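The values are calculated or read from the model by the stated rules, or taken from the named source; none is laboratory data. Source: prediction; values computed, not measured. Note that we place each Cβ from the backbone using ideal geometry, even for glycine, and neighbour counts take in every protein chain shown.
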Amino acid sequence: MKKAVKVLSLALVGAMVFSTPVMAKEVGAPVAVYLEASSDVGDPSITVSAIAVDKLVDEYMANAVTGIWAMDEVTPVAQGGNVILDGQKSNVTFPVLKPELSRVYSAKDYAASLGGSVLNVVKVETHVGFGVANVNFYMPGITGSENIHVYTYNESTSTWTELTVTEKRADHVAVNMTGTGVLAFIVTP
């Protein structure tokens, strides 16, 4: 009997030692990467890179955000390059990443205050300097007739500021940006 208790005790201690809790970046923001047959790209470094930025492999490969925690319906947002920097065509692509969960909740609250709803919230980064960048975002499913506004989150004031939308057409929204950061795509009546 003592041996059984000792074995059980050691098993429980082992389970406790090797069961390290994993914390998400923010409370309530589960992080998961689902690997499906379509995600077998043959290069494990791509999967590792996708995991590093909390994206699905397909999202990582397409430079897109197609799903966000805390949002049931998401209009995908992708960026395919050819950003116009200070009026000059370029071959620059702005990486599109998932934002912190707190920014998603903030965008949802802001959209509700406008009587609208959030289509997507993304974090845009670049290492290229610019004054004004005209960025064409691919948003499959929009018609171009929706009343879409794009807002950027101001970290220093914790407020949303509207950006100039220069073009809306089927599957595309082009925006003038003066910096990178978190963007909320909001549709209003």
I'm checking my understanding of the structure. Among residues of the stretch 60-103 that are without any contact (Cβ under 8 Å) to a residue 24 or more places away in the chain and of a type in the set (Asp, Glu), which one is surrounded by the most Cβ atoms within 10 Å (Cβ to Cβ)? GLU73
Among the residues of the stretch 149-173, write down those that are within 18 Å of the chain's Cα centre (by Cα) and part of a strand (DSSP E or B). HIS149, VAL150, TYR151, THR152, TYR153, ASN154, TRP160, HIS172, VAL173
Residue check for ALA50: surrounded by 14 or more Cβ atoms within 10 Å (Cβ to Cβ), within 28 Å of GLY141 (Cβ to Cβ), at pLDDT 55 or above and hydrophobic (A, V, I, L, M, F, W, C): yes
Consider SER106 carefully, then state whether it is on the phi < 0 side of the Ramachandran plot, out of contact with any Cys (no Cβ under 8 Å at 6 or more places or on another chain) and in contact (Cβ under 8 Å) with a residue 24 or more places away in the chain. yes
